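A short worksheet on the structure shown next.
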Amino acid sequence: MERPHMEITGPVVDAADPLGLADFYARMLGWPIVEREGPRDGFPPRDGWAKIRSPDQPMKIEFQWDATYSPPVWPTVEGEQQMMMHLDIEVADLDAGVAWAVEQGATVAAHQPQEGVRVMLDPEGHPFCLFA
């Protein structure tokens, strides 16, 4: 069988507050929210789903509600919720990128394993890396 066309367009991120997390990444990256749903009747007020898309269109990030979401522990600790993936975000100036991310609601992770990269935590606790 010949391989059919397949293309990764971007991740889907679980969250307790997906609409709030979409707002955070939209502000931080300057990507518009292109779709948004929720909360639904009979569900918690933070239930929902949203999608942001890069201005040039090739990549999207979706955020979906998970009723049992538990933030990952960074760095990884055996027996605790592990990070399943993280976003790498290139910045022109690392210090300015960190300051902007913090202003939007991120925090600098206590553990920083390498020079020239800053591990950050988004408002839901997902690690992401900024690098120049």
(request) Restricting to the chain, compute how many DSSP beta bridges are antiparallel as a %, nearest 5. (result) 65 percent
(request) Write down the radius of gyration of the range 12-65 and its Dmax, each obtained from C-alpha positions, in Å. (result) 10.9, 37
(request) Sum -39500 (n - 2.57) across every DSSP H segment of at least 4 residues in the chain, then divide by the residue count to get the 222 nm mean residue ellipticity, nearest 500. (result) -5500 deg cm²/dmol
(message) How big is the dipole moment of the range 16-132 about its Cα centre under a simple scheme where the beta carbon of each Lys and Arg is +1, that of each Asp and Glu is -1, and everything else is neutral? Debye, nearest 20, please.
(response) 240 debye
(request) Would you work out which of GLN104, LEU94, TRP49 lies farthest towards the positive end of the dipole of the chain, given +1 charges on the beta-carbon of Lys and Arg and -1 on that of Asp and Glu, about the Cα centre? (result) TRP49
(message) Suppose the Debye formula is applied to equal point scatterers at every Cα of the chain; what is log10 I(q)/I(0) at q = 0.15 Å⁻¹?
(response) -0.77
(request) Subtracting the Cα-Cα distance from 0.36 nm times the residue separation, let me have the gained length for SER54 to MET83 in nm, one decimal. (result) 8.1 nm
(message) If you wrap a convex hull around the alpha carbons of the range 87-131, what volume per residue comes out, as a whole number of Å³?
(response) 63 Å³
(message) Cβ neighbours within 10 Å, averaged per peptide: list 22-28, 103-109, 53-59, 11-17 in order, most packed at the top.
(response) 22-28, 11-17, 103-109, 53-59
(message) Quick check: pseudo-label points 7 Å beyond the Cα along Cα→Cβ at VAL12 and VAL91, how many nm apart are they?
(response) 3.0 nm
(request) Could you rank the peptides 68-75, 85-92 by their average count of other C-beta atoms within 10 Å per residue, with the highest value first? (result) 68-75, 85-92
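No value in this document is a laboratory result; all are computed from the given coordinates. What you see is a predicted model, and the numbers here were worked out from it, not measured in a lab. Positions of Cβ are backbone-derived with ideal geometry, glycine not excepted, and every protein chain shown enters the neighbour counts.
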